[in-house]
Amino acid sequence: MTALPSLLLIGGGRMGSALLAGWREQGLSQAFVIDPSPGAQSLAGPGVTVLKDASQLPAGFMPEAVVLAVKPQMADGALPAYGRFAATALFISIMAGKTVRGVAGLLGGAPAIVRAMPNTPAAVRQGITVAFAGAEVSSARRDLAARLLAAVGEVAWVEEEAMLDPVTAISGGGPAYVFLLTELLEQAGLDQGLPAGLARIMARQTVIGSAGLLAASSETPEALRVAVTSPGGTTAEALKLLRADDALPKIFKAAIQAATERSRELSA
Ligand SMILES: NC(=O)c1ccc[n+]([C@@H]2O[C@H](COP(=O)([O-])OP(=O)(O)OC[C@H]3O[C@@H](n4cnc5c(N)ncnc54)[C@H](OP(=O)(O)O)[C@@H]3O)[C@@H](O)[C@H]2O)c1
């Protein structure tokens, strides 16, 4: 695989450092990370220089891609310093709720911007990132964005930016729902009188193992569920309750709707 082109990463926190780790595996030529926190210095290594702010970048440095991974509330203060790359670089923003138009407004000019929504399993290269390419993005730059984002898992594209609101609700927030399920399974074990350590390991390994099975199998989640559910058996009894009056599907639909609306509000 050819080495990645020169990169500039703004924000080396959870998401930024996960991306950087993936790029290291793909082969970095030259990368600068801008992050003022003392902990970010640990990201330095072969080909990677960590600086506290944009003014420390070498004068001639022209990144091919700039990845914006600061918190959305930092964007107004942080982004204008990178406007000087707006005419020459591809920008990839993973900031939740920041539209292509809003980011372009902070950079000035007519920059090529890909807006992307990753999720936290990116930390173990098992993420799903859904991306939208702004009007100025060429197909070659879209390919570069796909390559950079694929460093932390699967990549999918949407052709309408508004779709990133339900994407944020489903895959962006999705890990939280799965972790909640894990917590609820553990609590249910405790409620049934199981020892705490046993309840914890059962809940964790059931979620981890089910995800592994889903990943390894060619079957649909529905088929895998049916395979566990003998007619008249124990699982069927639990599912009967979970799905009574459509209870779980209804609450799930309403929850995703609420999160989608919140994402719309935050992007407005
Ligand atoms: N975590 C998720 O599930 C998730 C999912 C999708 C998208 N995102 C998006 O990813 C972005 C980063 O999230 P995160 O969870 O990685 O946040 P994070 O861990 O807080 O990382 C942000 C980093 O940026 C640094 N920073 C602050 N001001 C800066 C500046 N002016 N220039 C450069 N770096 C600066 C922060 O340093 P200090 O800590 O010292 O402030 C921190 O190290 C956010 O916009 C978020 O919306 C996150």
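The values are calculated or read from the model by the stated rules, or taken from the named source; none is laboratory data. These figures come from a predicted structure and were not determined experimentally. Here the Cβ is made from the backbone with ideal geometry for all residues, glycine too, and neighbour counts use every protein chain on show. The accessibility values were calculated without ligands, DNA or RNA, using every heavy atom of the protein model including side chains. Shrake-Rupley method; radii C 1.70, N 1.55, O 1.52, S 1.80 Å.
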Next on the checklist: Exactly one condition in (1) open to solvent by 40 Å² or more (accessible area, probe 1.4 Å); (2) over 17 Å from Ala123 (Cα atoms); (3) under 13 Å from the mean Cα position of the chain (by Cα); (4) not small (Gly, Ala, Ser) is false for Glu154; which is it?
Outcome noted: (2)
Next on the checklist: Quick test of your reading of the structure: Met74 fulfils all but one of (1) over 25 Å from Ser263 (Cβ atoms); (2) near the ligand (Cβ under 10 Å from one of its atoms); (3) of a type in the set (A, V, I, L, M, F, W, C). Name the failing condition by number.
Outcome noted: (1)
Next on the checklist: If a residue must be in contact with a Gly (Cβ under 9 Å, 6 or more places away or on another chain) and aliphatic (A, V, I, L, M), how many such residues does the stretch 156-185 contain?
Outcome noted: 1
Next on the checklist: Tell me yes or no: at least one residue of the stretch 32-53 is part of a loop (DSSP other than H, G, I, E, B), of a type in the set (Val, Ile, Thr) and within 20 Å of Ala112 (Cβ to Cβ).
Outcome noted: no
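Okay, residues lined up against (1) in contact (Cβ under 8 Å) with a residue 24 or more places away in the chain; (2) of a type outside the set (Val, Ile, Thr); (3) surrounded by fewer than 19 Cβ atoms within 10 Å (Cβ to Cβ); (4) in contact with a Lys or Arg (Cβ under 9 Å, 6 or more places away or on another chain):
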residue: Ala44; (1), (2), (3), (4): no, yes, yes, no
residue: Lys52; (1), (2), (3), (4): no, yes, yes, no
residue: Pro63; (1), (2), (3), (4): yes, yes, no, no
residue: Val70; (1), (2), (3), (4): yes, no, no, no
residue: Gly83; (1), (2), (3), (4): yes, yes, yes, no
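Condition check ((1) open to solvent by 100 Å² or more (accessible area, probe 1.4 Å); (2) under 30 Å from Val124 (Cα atoms)) across all residues:
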site	(1), (2)
Ala216	no, yes
Thr220	no, yes
Leu224	no, yes
Pro231	yes, no
Leu239	no, no
Asp245	yes, no
Leu248	no, yes
Checklist entry - Pick from Gly97, Gly47: which is under 17 Å from Leu20 (Cβ atoms) and within 25 Å of the chain's Cα centre (by Cα)? => result Gly47
Checklist entry - Considering the stretch 91-127 alone, what residues qualify as being within 12 Å of the ligand (Cβ to nearest atom), open to solvent by 10 Å² or more (accessible area, probe 1.4 Å) and among the hydroxyl-bearing types (Ser, Thr, Tyr)? => result Thr120
Item to check | From the options Val158, Val167, residue that is of a type outside the set (Ser, Thr, Tyr), under 30 Å from Ala87 (Cβ atoms) and within 14 Å of the ligand (Cβ to nearest atom) | outcome: Val167
